[in-house]
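This report concerns only the one structure given below.
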Amino acid sequence: MRCVSRRYCERVRQLDIRTLQRQRSLSPSTTTIIEWQMGGAVHLQAEFERIRLRYRLDGQPIEQRINLAETRVRYGRRAWFGCPSCGRRCAKLFLRARFACRICAKVYYECQSATPQRRVELRFLKLRQRLQDVYGEIRRPKWMRRARFKVMRDEVSRLEYLAGYTLMIDETNNNDGDAR
Ligand SMILES: [Zn+2]
C-alpha cells in the first residue's frame, strides 16, 4: 500500500476533545496551554459552548473560535468539536492552515487499511448503513425490535466516537420507545 505525501495524524498537531474533557479544559473560563512535542503551542480559552484558540502559524497570530456540541449517550454526555470548516461533529481537530476536522484538514491515518482505527471506521460505517434512512439519519427500521435498535444505536455512537467520525442522529427517534 502506498502512503505518499500524506499528512499523517501522528505527525500533525491535533486536539482531542476527550483529553480536553478529561483534564477539564472545556469548563467555561478555563484557560489551558497545549504544547506539542514536535513544537508549537496553542492557548485555549473555554467559553460557554465554545472555545477560543490562539496560536501562531508562520509567525502570524491566529484566533479561532470552535463551537462545542454535546450528545447524550447511555452513560452520560459526550462532547464534540464543531468543525469550523464543515460544521460536522468531530472528536479531533487537526492543525494545518487552521484547525479543522480530519476530512477538512485532509489528514490520513498511516496505512489506513490496516490500523485498528480503520477497522473501527469500517465497522462504524457498516453498522450505520444498516440503520440509516434516506437522509443519512439514524432511525429504527420498521422490522427491527426496539431493544435491538437501542443496542445497535449505542454501538454506532461508541464506534463513531472511537473513529472520531460524525453522523446525524435523530434525537426524537432515539427516545422512541424509551421507558425512562
Ligand atoms: Zn470539517
Considering residues that are out of contact with any Gly (no Cβ under 7 Å at 6 or more places or on another chain) and either outside the structural domain of Q21 (by TED's automatic domain parsing) or assigned to a loop (DSSP other than H, G, I, E, B) (or both), the number found within the range 66-104 is 14
Note on I66: of the conditions (1) more than 16 Å from the ligand (Cβ to nearest atom); (2) surrounded by 14 or more Cβ atoms within 10 Å (Cβ to Cβ), unmet is (1)
- [ ] Report yes if R119 is surrounded by 12 or more Cβ atoms within 10 Å (Cβ to Cβ), closer than 30 Å to R11 by Cα, over 16 Å from the mean Cα position of the chain (by Cα) and modelled with pLDDT of 75 or more, otherwise no.
- [x] yes
- Task: Within the range 72-82, identify whether any single residue is on the phi < 0 side of the Ramachandran plot, without any contact (Cβ under 8 Å) to a residue 40 or more places away in the chain and within 12 Å of the ligand (Cβ to nearest atom), and answer yes or no.
- Result: yes
In the range 85-108, anything more than 7 Å from the ligand (Cβ to nearest atom), at negative phi and among the charged types (D, E, K, R) is listed as R89, K92, R96, R98, R102
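The values are calculated or read from the model by the stated rules, or taken from the named source; none is laboratory data. Please read these numbers as outputs of a predicted model, since none were measured by experiment. Here Cβ is always computed from backbone atoms with ideal geometry, including for glycine, and neighbour counts include all displayed protein chains.
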